[in-house]
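One structure below.
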Amino acid sequence: MTKIQFNNELLSVSDKLRTYAISLTSDSERARDLLQETLLKVLTHHNSFTQNTNFKAWVYTIMRNTFINDYRRKVKTKIRFVDSNIDFYLSFPAGKNYPAPDSVYRNIEIHRKIDTLDDEYRIPFTLFIEGYKYKEIADKLNLPLGTVKSRIFLSRKKLKKSLQDYSNN
């Protein structure tokens with residue numbers, strides 16, 4: 001593949017790459033950065049492309065790997081433990097809001113109320129707030145999808161009623 005053909009191929013997939021970058025980052029500015037970094041890597045390592053292979057898949061793989069590596073790097077640098085107390089506090093991101101004591105108390109109270117629910121409501125609701133999807137909960141508990149949705153809805157309704165003192169705060 002000549003350099004001109006290579007560049008034309010890259011230009012033809014750049015719009016789709018931008019969409020893919022947005023789907024990975026969920027942020028248009030970070031997506032632009034990811035796209036730019038990917039294009040730079042593709043152009044820098046153009047000699048690594050194997051002829052008669054899927055160019056689009058090669059470029060998408062570079063973008064995905066770049067995203068994953070950046071994510072891992074950010075996670076690693078986010079948490080660092082330092083010996084002295086002052087360095088420990090300085091290692092937290094600037095502008096980070098930490099929970100107020102009353103919000104911690106409210107959170108504890110909410111979890112107490114969740115624990116008072118009957119098992120048939122508490123278990124699906126707890127799984128839901130832990131991040132499971134309705135279908136995953138239904139499969140895990142061997143229940144119909146509609147039953148899971150109904151129980152989670154009713155759990156919310158019961159909790160809203162029992163926690164009405166906290167709804168105005």
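The values are calculated or read from the model by the stated rules, or taken from the named source; none is laboratory data. Here the structure is a predicted model, which means the values were calculated and not measured. Every residue, glycine among them, receives a Cβ derived from its backbone with ideal geometry; neighbour counts consider all protein chains shown.
Below, the figures for the structure above:
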quantity: Search result, residues across segment 34-49 that are surrounded by 14 or more Cβ atoms within 10 Å (Cβ to Cβ) and in a helix (DSSP H, G or I); calculated: LEU34, LEU35, GLU37, THR38, LEU39, LYS41, VAL42
quantity: Matching residues, segment 137-156, being among the aliphatic types (A, V, I, L, M) and over 18 Å from ILE110 (Cα atoms); calculated: ILE137, ALA138, LEU141, LEU143, LEU145, VAL148
quantity: Residue check for ARG151: buried (at least 17 other Cβ atoms within 10 Å of the Cβ), assigned to a helix (DSSP H, G or I) and assigned by TED's automatic domain parsing to the domain that holds GLU109; calculated: yes
quantity: Residue check for ASN52: assigned to a helix (DSSP H, G or I) and surrounded by fewer than 16 Cβ atoms within 10 Å (Cβ to Cβ); calculated: no
quantity: Those residues of segment 94-145 which are modelled with pLDDT of 80 or more and small (Gly, Ala, Ser), in sequence order; calculated: GLY131, ALA138
quantity: Any hit, segment 146-164, residues being modelled with pLDDT under 80, over 22 Å from the mean Cα position of the chain (by Cα) and of a type outside the set (A, V, I, L, M, F, W, C); calculated: yes
quantity: Hits in segment 20-33 (condition: part of a helix (DSSP H, G or I) and either of a type in the set (Lys, Arg) or surrounded by 12 or more Cβ atoms within 10 Å (Cβ to Cβ) (or both)); calculated: TYR20, ALA21, ILE22, LEU24, THR25, ARG30, ALA31, ARG32, ASP33
quantity: Close pairs (7 angstrom Cβ cut-off, 6 or more residues apart or separate chains): under 19 Å from ILE114 (Cβ atoms) in segment 125-144, in a loop (DSSP other than H, G, I, E, B) anywhere; calculated: PHE125/LEU117
